[in-house]
Amino acid sequence: MTKIHGRGFAAIVAWSLASIVPISAIHAQSTTTMSVADENLNAPRFVQRTGSLNLYLINSSKMALDRSQNPAVRGFAQRLIEHHSAMQYDLAAVNNSNVGGSMPNAMNADDTRRMGDLAGVDGPSFNANYMRNAIIVLDQELAIAKAQAANGKVESLRKFSAATVSKIDANLREAKTIAGTAGI
């Protein structure tokens, strides 16, 4: 029997583990980060994605005002409608002035699916699903805005993104607080 020593053994162990553990699981974080960065450096795609996220947050929050009886959830939903309607308006102005892409007039497929899933629940389950999805979407929007503010190629979009980061971050922190304190 041949003994394997040093780096050769480590390479065999690494190769063996790689065949057992999916590479996608190991690199999930870096893939997400690369996807966000790629999306943000392309101005028309940034406008489309951010616009769709805003539409989701506005429409799901309108649904929360109709369905939720929780005052904290309702107050949060009202603030999201106000903040993201203003963001959508400002994004459209920046887009129309020098990006030249089209603003989304509807949510993308992922956001539409998420909205459909939310429409299928009522009562306390609605509150939990609404807040969970708000956290997910705000987290995505925050990552996209930060990446665009830092690395975007269009100056007006960098400024727009930098101006929105603090508001998105505040909304995200509020969503997490409500979800935690309301037991949602």
- Message: Being among the basic types (K, R) and under 20 Å from the mean Cα position of the chain (by Cα) is the filter here; which residues of the range 70-113 pass it?
- Response: R79, R113
- Task: Confirm whether K153 is at negative phi and either surrounded by fewer than 14 Cβ atoms within 10 Å (Cβ to Cβ) or not in a helix (DSSP H, G or I) (or both).
- Result: yes
- Counting just the residues of the range 86-116 that are closer than 19 Å to A134 by Cα and among the polar types (S, T, N, Q), which one comes out surrounded by the most Cβ atoms within 10 Å (Cβ to Cβ)? Q88
- Query: In the range 47-72, which residue that is touching an Asp or Glu at 6+ places or on another chain (Cβ under 7 Å) and among the charged types (D, E, K, R) is surrounded by the most Cβ atoms within 10 Å (Cβ to Cβ)?
  - Reply: R49
- Query: If the Cβ limit is 7 Å and pairs must be 6+ apart or interchain, which residue in the range 132-154 that is within 19 Å of I178 (Cα to Cα) pairs with which residue that is aliphatic (A, V, I, L, M) and outside any helix (DSSP H, G or I)?
  - Reply: none
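Bear in mind that the values in this text are calculations on the coordinates, not laboratory data. Note that the structure is a prediction, hence the values are computed from the model and not measured. Methodologically, a virtual Cβ is constructed for each residue, glycine included, from the backbone with ideal geometry; neighbour enumeration extends over all protein chains shown.
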